[in-house]
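The values are calculated or read from the model by the stated rules, or taken from the named source; none is laboratory data. As the structure is a computational prediction, the values presented were derived from the model and not from experiment. Please note: Cβ atoms are built from the backbone with ideal geometry, for glycine as well, and neighbour counts cover all protein chains shown.
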Amino acid sequence: MTVDRGIYTLTESAETLKGRRVLVLVNDEGLCDFVCLRLAFRGAEVRPARSVEDAFESYRAFAPDVVVAEAGHRATSLAFGFEACLGKPVYAVALGDVMSLLAEAGEN
């Protein structure tokens with residue numbers, strides 16, 4: 001695994017998310033790191049954010065395809081905000097849904 005400026009990537013991984021850029025907004029540092037590592041293990045390029053301000057700050061440079069946030073409405077609100085700022089559609093996913101998918105894949 002490599003971590004460069006807060007971007008997690010794993011080169012030896014199951015690459016089901018290869019090429020996807022994921023912004024993870026979770027306030028709890030340990031949980032955020034766990035989710036970032038699990039998504040990176042699946043091949044995603046992941047950037048953590050600990051607050052909405054962090055998320056908006058890093059959005060322009062990172063340009064994620066997907067936003068994962070603790071609550072579905074929070075993720076959706078961020079995705080709409082990002083799309084309004086840059087005109088690029090962004091998918092929103094609730095953290096609970098991501099955790100369920102990881103558990104089903106036997107990674108939790």
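Those residues that are within 19 Å of ALA44 (Cβ to Cβ), among the aliphatic types (A, V, I, L, M) and part of a loop (DSSP other than H, G, I, E, B), I need them from region 61-89; list them, please. Within region 61-89, just ALA63 meets the criteria. Every condition in (1) more than 12 Å from the chain's Cα centre (by Cα); (2) modelled with pLDDT under 80 is met by TYR91 except one, and the failing one is (1). Pairs meeting the criteria (first residue in region 35-62 and farther than 15 Å from LEU95 by Cα and modelled with pLDDT of 85 or more, second residue among the aromatic types (Phe, Trp, Tyr) and assigned to a helix (DSSP H, G or I), beta carbons under 9 Å, at least 6 apart or on different chains) are GLU45/PHE62. Which of (1) modelled with pLDDT of 85 or more; (2) buried (at least 17 other Cβ atoms within 10 Å of the Cβ) is the odd one out, the single condition LEU31 does not satisfy? Going through (1) modelled with pLDDT of 85 or more; (2) buried (at least 17 other Cβ atoms within 10 Å of the Cβ) one by one, LEU31 breaks only (2).
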